[in-house]
Structure formats: structure tokens, C-alpha cells
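Since the structure comes first, as C-alpha cells, the remarks are kept for the end.
Throughout, read-outs are computed from the coordinates displayed, never taken from laboratory work. All values reported here derive from a predicted model rather than from experimental measurement. Every residue, glycine among them, receives a Cβ derived from its backbone with ideal geometry; neighbour counts consider all protein chains shown.
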Amino acid sequence: MAPPPSTSTTNDLITEKHSSPHPPKLTRRLTGFLPQEIKAIDATIPLKSRALWNKNQVKKFDTADSFQQRFIDHVETTLARSLYNCDDLAAYDATSMAIRDNLVIDWNKTQQKFTTRDPKRVYYLSLEFLMGRALDNALINMKTDDENTDSREMVRNALDDLGFKLEDVLEQEPDAGLGNGGLGRLAACFVDSMATENIPAWGYGIRYQYGIFAQKIINGYQVETPDYWLNFGNAWEIERNEVQYPVTFYGYVERNEANESTLSPSQWIGGERLLAVAYDFPVPGYKTSNVNNLRLWQARPTTEFDFAKFNNGEYQNSVDQQQRAESVSAVLYPNDNFQQGKELRLKQQYFWCSASLHDIIRRFKKSKRPWSEFTDQVAIQLNDTHPTLAIVELQRILVDLEKLDWHEAWNIVTNTFAYTNHTVMQEALEKWPIGLFGHLLPRHLEIIYDINWFFLQDVAKKFPKDVDLLSRVSIIEEGGAERQIRMAFLAIIGSHKVNGVAELHSELIKTTIFKDFVKIFGPSKFTNVTNGITPRRWLKQANPKLDELICQTLDDPKSKYLLNMPILTKLAQYAEDPQFQQKWSDVKKYNKIRLADLMKSLNDGVDVIDREHIDDTLFDIQVKRIHEYKRQQMNIFGVIYRYLCIKQMAKEGKPFKEIAKKFPRKVSIFGGKSAPGYYMAKLIIKLINSVADVVNNDPDVGSLLKIFFIPEYNVSKAEIIIPASDLSEHISTAGTEASGTSNMKFVMNGGLIIGTVDGANVEITREIGEDNIFLFGNLSENVEDLRYNHQYNKQELPKSLQIVMDSLESGVFSTDEQKEFKPIVDTIKHHGDYYLVSDDFESYIATQELVDQVYHNEKSEWIKKSILSVANVGFFSSDRCIEEYADTIWNVEPVKS
Ligand SMILES: *Cc1c(COP(=O)(O)O)cnc(C)c1O
């Protein structure tokens, strides 16, 4: 007997409009599969035994002594080690598990409370959660029964008694790098704030085995290595083998012969199945016993077996195929603001959306409410278009499995979802070719066609005269080599609210990419929620000295201000107080030394900066993903220009003092990963490192100018880097950065900003005052005209930029070949300078000169600006964002204990 054909590899199942792919013969049918966790859910302990359970309840530790007992328990039993072989890593594991015990106790209570009260819940679907480290954050957030205990200090002392240093123990933890950059970090800040605000909320994502790659710099080039972050296990996750859902791909659709309509219940016969298994991460709120859940899915093979293959002696083959299931959750795609269109990525998206929705529905069904109450109980937020398939999956579940009428189902769907847009850049907007899509998800393609059909009918009725409108707003884009599904349009049509992430960005989406939808749905569907960051991690954890000074100044010894950040305005009264200014500078100096130590350790033990002049050296920092729109190239061009000017003065025989007056001490610090396939971004990294090589070793320059690229920028590095900044750069081409969040992190740590009028820089300026930020450059409303000019009118470069281009072309910084950096020069000179570096360069240089002047000649003014920045940063707490989402989009209330 021949083996059945595999439906998972054939490429001929290209879907035609409204026709189901031809059912392949002999496809095995798998029926009768029940998720195993259903057994666990009804396994309640009988009443007569409950007293015994309650008597023996596990208790949280709340003293150094009880922590030490837990710690030793975990060392000896969980880790099977002893006092003879307990290293820092074992101490980290034991500490984490002891803390986790406490969190799990509160987590259980929290979830029990939610089950009993059954409030409306929020589900935050994000393909990325850039969590960073968990232990220090848990120590800060964890609540003990005694209000007066500072858990972190208690554990520090307890560890000290046991022979360990907290700082060394914390250093053992690998970052959970399950994200690329801002979008993933936003999701991490949001789960912290949702827990803190007592919102009944769960995050849903993927438990990637490999997070964002580790970046090494070799001979100036970025080299990627895999981030196998689970190598030493993960103390923070709870593996839930009892929570599993089957997920199906490929196959074909069947319908009752009596009812051929795609709107009627249909049966999708999948060709490949795997399991989604839940891993739970407790998310503790700050100063509350509320502990929320982040549920991440891992793909595993099913235990079903293809006997046809087995009988044919293809045992190995059949095992191989099963093993491939695990690849679905194996790796995070390392692109930031760019979509690649790989089938495995779409598989990840469906795998995660399907498992999450079944889990959400299972929870909803526990309370035995009718479907009409679903939207009173469930709000789902889509972090970008990555989870848009959840819209289609919910419609499929309601129509095909729950047998609801199409329109009744669609009404539920659209009232459940809300969509957050994160970009207007074309290359980042998700589109899927219908061939690839229909092959993987044939039933979902039918449903999308039907959603589109009803939508376009409504549009045609409402705007009968606008003939182009239908093709402009259709979910299906025609005209290219292949028709494509526009995921953003599907997300808008399937949601009740759409939000941008900063005011400028939210206005831009309404007037550009989603303009037609504003006309169709009305403006009230489109709204803004300006991003924010959690002050627990980005102030208290990252900058303990600043936290201390704030506590002392506000007479708030327990850092309660972190729940009410606008109260920091009280700092403003000390902005000009010389004594307070001195304390403020001491904190900054401490943080600069901490960063100098890090840079030294990354530089083979050689100091990068002149320690003697550390207060007098401006730390100018740009750390973020490397992208042409973020314009690290403009920053390094500015550094080159400064270098060339210093060289010129030296050549003219100017005395050092005069040069130092014009170009005072500065260290230019860069950090960030490039997508592995992004040629130009990688060349920019190489340029930065090549310029560093030349400048740092030039005796004419000495310690006046240093350049350093910090490899492997991630959350734990950010926590060291950001508090050390005097100045940070947020210099994207106007209209390209949706919000930015590191701008907020820097301001929260008393760093000043040089920035363009883009993203949340606009609101930052409004909040902290325009005197306290260095803005420059063209405005977003002029970008279109400027680009047009570049295309059609030959323009001369400004002289400053011209000499920088000349130096690059002459090979001053080249190490490999003279023309090494020609592609960078060409984008500016010959390829239309899409990111408008030449238009903003002169104003950038002039603004940097102003920065130097204030920093070096008006120190007290500078410190005042720094204090006023922190005093007015309150708006950017992610607690404020979560309140706005809860009130204006989710319609949910906090549930207090
Ligand atoms: C905050 C953060 C980002 C986002 O930075 P932007 O400057 O807003 O792009 C990226 N990576 C890490 C590690 C971060 O902490």
C-alpha cells in the first residue's frame, strides 16, 4: 500500500475566490481529540477534605529567616545540590524559586478571585514580550504581608548571610529577549502596569526557544549568534502540561451538500496537526497582591500517529515529521519594522492566535453565559497586525463550531477586538499572498473573502459615486504579481477601535494610510493612546540612586510615588537649589561611572573615557534598533564632522585649549541590533566601529572625543546605559517613528533629548517644556515635498555634509577597501536621500553646538533642565496608558482584593 500523500508540502492547493481547494484523496482524518486539560478543570477536591487543605496551605515567606529556609530547601531538593556545590547560578535559581513561590501563592489567589467575581477580562495579544530579567523586578514588585518590609533589602541581607552578593546573583539571569525592540518592550511594560492597576488581564504570546539573536562585534561587523536562553532552565515559568490545544494547518474545507454557502458551518479538515502547550509566567503588580499571568505557547508534536506510514516502514520519516512541529515556536523573527512574508511566520501567528482564542473561550464558557454576553466579558487588544488572524479564527469558531449565524458572530467579533497600529511605513505593513495563505489556512481565506464581500457591499451602498474607493479599501490588494491580504485593513474592519501610539502618529494614520476608513467608519473609531513605560523597572530598578534621592526629597521612604508619577512635579521647586543640584549631579556621576565600568569591561579592560573628567564629559547616547529611519547614520556623520573640525584646528596649529573650548569633551555611545538581512543597517554599524577605531586612536583628539559601540543592546544593558546619559538622540525622519519609548526612559532618568518633531517627542516637549529639549529639523508636513525635490531637482549638499561625504569616499575610515562605505554615500548623493539626512544635517549640527554650550558653560541651567524633565515625566508612566485603554477601549474596571 502506498503512503497517503502529504498535504503539507504540496503547492498546488492555491485557492480560487469562493472555492474550496479540491479535497486531496486519502488524507487521514483525525477525530475525537479532546484537550486534556478539561480533565483537570473539574477535578475539585471534595468538601470534606477542604479543611485539611486549608490547614496545610503554603505560606509566603516574609522574613529573612523564612526566605533562607526556602532558599536552602530549593538548593537541596529542587536543585539537588548542597552547601558544598552552590555557586552563584544555583543561588540565582534558588532565590528565584523562593520568590516565585511567593508570587505563585498570590497568583493563585488572584486567579481564584477572578474566577469567583467573573469580571470582564482583557487579553493582550502580542507576538513579542521583551521582558528582560525577572528577579530584580520581582523583588521590587513583590508584596509581603508586612507593609514595612523592603523585600529587596531583606533578600539582599539574607543572601549576604548565606554567603552571596545580591548583585552577583542578579547577574546570573539571562534576559528573556522575546522581542525585537519598542513593540515588544511596550507589551512588557503594559503587563506590569495591568498587574499594578489590578486589571484582570492576561498576556498571550509565544515561548520562543530562541529569542532575539545575540550580537557580537567582530572586526567591526555585526555577527549574530543564537540566543538559547533556556539553556540553564527557567525558574520563572510554570509548565502547564495539562493545558494543551490542538492546532491544525493545511488541508481542505468540506460542506454539507445541502448547503454550499461559505457562510454556513463548514468543516475544515486539516492536514497537519500539532499541539500548543501553555507556559505561565507570573506578573506581579507593584504594592498589590495582584499577580497576573503571561501565557506563552510552545509547539509540540501530537501523540497521534500515522499508521499508514508506520506500516510502510517509514518510522523514521514519521518521527521526523512530528519533530518538525517544534519548529513553529522555535525562533523569533528578528526584523523590527519590516515584514518578510515567510510561511513559518504565518504558521506562528495562527498557532498562537488559535491556541489563545480557544483558551479564552474555554474560560468564558466556565460561567455558562450565552454568547450574547461574550463582549461584556472579553476584550482583546491586538498589538499591531501580527494577531489579526484572531479575528478570523473567532469568526470561524462561532460560525463553524458554535453554529452561530454569520452576522450574529461578526457582531460579537467586531465588538471584542481593538487594534493598535505601530507604523505608517510601507515596508512594515503586513501583507500575505493569497496562494501561501489559502494553502496554509483554506477555511480562513474563505472567511476573509466573505468579510470583505459584506464590507465592500456596505461601502458601495454608502458611497455609490466613489468608484475607486472599493479597490482602495478592499482587504484583498489586486494589481501586483499576486493578490495579497492587507492585514491592517482586516484588523480595522474586524475591530471596534483603532489606536495610534502618539498624537502625531494617530493623526498621521487618519490622514494617510487609513484615510478612507475614517470616511467609512467615522472619526470616532480612531483614537490615540500615547505610549508609556513602567517606572518600576525604568526608574527604581534601573536607577536606585535616583529613586533614593526622590524618596528622600518627597519624604516617601517606600517609593509610593511610583504609583502616582505626576507627583514628581514636587521636584520642580528644587530645580534651582544648588544643594539639590549637587545631589542630582552626584547621582548622574554615579551612573556614568557604572556605565564607564561596563564599557571598560567590554573593551578588554581598557578605559574608553577619561575618568578624571567624567563629570565634564558629555555622554551622548543613541541606543535602539539600527534602522535608516532612526538615522544613526546622521549621528555618526555628525561625529565625523566634529572630528574633521578638530583635525582642521590641530592642523592650523590652534592650541589645545582653544580646540577644547570649541569642541568640549564628549563620548558618543551607540548600541543596537540590525536585522540580520538588512545590509545598509549592518554597514552603518561597521561605519560606527571604523570611525571609533580612527578617532579613539588619534592623538590630536585625545580625550576630547571618544566613540563606543556597545554590543548586544538588550533590556538589562539598557538599565545600565540609560541612567548614565546626559543627552540621548531620537532623531528619526519626521513622521516615521510612531512613538518611541526610549525617549521616555531617558527623560525619566534625567537625560536631555536632542530630537526631531516626531512620535512622542511632541508630547514630551509639551509636558517638560520646550526649554528643556533640543528640537531640530524639518516637520512631517514637509517631508513629502522634500522627497519630491530630491527626486526631481538636483540639489547641492550642505557644505558640512559634503566634507563628511568626501572623507568617506576618500577612505579615511575604510579598513577593508576604499569604497567600503560608498553605498552609504550613494543613498544620500544618488538615491534620493529618502530619510532626508541632507535636509536636517545643518540644523542637527547647529543644535549639537547649542548642546555643548549649555552643557559646558551653563552647567546649572543644564541640571535645572534635567530636574524639570524628571519632574514632568509623570504622563509617560504606562499606568496612565493602561487607564486610558481600560476606560476608552476595553471598558473594564480594576478588581481589588
Ligand atoms: C525601550 C527599548 C527599545 C525601544 O527604543 P526606541 O528608541 O523607542 O526605538 C528597544 N530596545 C530595548 C532593549 C529597549 O529597552
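For this structure, a couple of remarks:
- Legend: residue pairs 558/896; 113/745; 589/864; 113/558, Cα-Cα distance threshold 24 Å; pairs beyond threshold, 113/745; 113/558.
- Ratio Rg/Rh [Cα only; Rh per Kirkwood] for segment 522-583: 1.16
- Likely footprinting exposure, 885, 792, 228, fewest C-beta neighbours within 10 Å first: 792, 228, 885
- Sorting the segments 232-241, 415-424 by their mean number of nearby beta carbons within 10 angstrom, highest to lowest, gives 415-424, 232-241.
- Remark on segment 483-572: hydrodynamic radius 16.2 angstrom, per the Kirkwood mean of 1/r across alpha carbon pairs.
- Antiparallel bridges, percent of DSSP beta bridges restricted to the chain (to nearest 5): 45 percent
- Cα long-axis angle, helix 88-117 against the chain (0 to 90 degrees, to the nearest 10): 50 degrees
- For residue 210, distant residues with modelled amide H under 5 Å away: 331, 332
- Between residue 458 and residue 161, the FRET efficiency from the beta-carbon distance, with R0 = 51 Å, is close to 0.15.
- Between helix 632-651 and the chain: long-axis angle, C-alpha atoms, 0 to 90°, nearest 10: 10 degrees
- Angle in degrees between helix 406-416 and the longest Cα principal axis of the chain, rounded to the nearest 10: 30 degrees
- Near residue 732, the amide H atoms lying under 5 Å from its own belong to 756; only residues 5 or more places off or on other chains count, and H is placed 1.01 Å from N.
- When only Cα pairs below 8 angstrom with a gap of at least 6 residues are kept, segment 684-816 shows a relative contact order of 20 percent.
- Integer Hz, Karplus 6.51/-1.76/1.60 couplings in order for segment 490-498, x for Gly and Pro: 4, 5, 5, 5, x, 10, 9, 9, 10
- Note on segment 87-232: percent of Cα-Cα distances in each 5 Å bin, starting at 0 and stopping at the bin with the largest distance, equals 2, 8, 14, 17, 19, 16, 12, 7, 3, 1, 0, 0.
- Computed over the chain, relative contact order equals 14 percent, with contacts defined as Cα pairs under 8 Å that lie 6+ residues apart.
- Coarse-grained scattering of segment 658-701 at q = 0.14, 0.18, 0.20, 0.29 Å⁻¹, given as base-10 log I(q)/I(0) from a Debye sum over alpha-carbon atoms: -0.47, -0.66, -0.75, -1.07
- Segment 333-425 - convex hull of alpha carbons, volume per residue in Å³: 108 Å³
- The 3J(HN,Hα) values that the Karplus relation (6.51, -1.76, 1.60; θ = phi - 60°) gives for segment 528-545 are, in residue order, 10, 10, 5, 4, x, 9, 7, x, 5, 6, 8, 10, 4, 6, 6, 9, x, 5 Hz. Gly and Pro appear as x.
- Over 26 Å (Cα to Cα) - which of 120/403; 630/822; 510/673; 545/717; 431/515; 216/540 fall in this group: 510/673; 216/540
- Centre separation in Å (Cα based) which lies between segment 705-772 and segment 492-567: 15 Å
- Additional length obtainable on full extension of the chain from residue 261 to residue 570, 0.36 nm per residue less Cα span: 104.7 nm
- Largest first, the three principal axis extents of the alpha carbons in the chain are 93, 74, 56 Å in whole numbers.
- Treating r as the C-beta distance of residue 577 and residue 658 and R0 as 56 Å, the FRET efficiency rounds to 0.95.
- Mean Cβ neighbour count within 10 Å, used as a protection proxy, ranking 847-860, 582-595 highest first: 582-595, 847-860
- In segment 524-662, Cα pairs under 8 Å separated by at least six residues give a relative contact order of 11 percent.
- Backbone HN-Hα couplings from phi across segment 667-682 [Karplus 6.51/-1.76/1.60, Hz, Gly and Pro as x]: 10, 9, 10, 10, x, x, 9, 9, 4, x, x, 9, 4, 5, 5, 5
- Put simply, when 120-131, 245-256, 617-628 are sorted by average Cβ atoms within 10 angstrom per residue, most first, you get 120-131, 617-628, 245-256.
- For the chain, with +1 on Lys and Arg beta carbons and -1 on Asp and Glu, the positive-most of 866, 568, 49 along the dipole: 49
- Amide H contacts for residue 221 (H built 1.01 Å from N in the peptide plane; partners 5 or more residues away or on another chain; cut-off under 5 Å): none found.
- Using just its DSSP H runs of length 4 or more, each adding -39500 (n - 2.57), the chain gives a mean residue ellipticity at 222 nm of -13000 deg cm²/dmol after division by all residues.
- Taking all Cα-Cα distances within segment 817-873, those exceeding 12 Å account for 75%.
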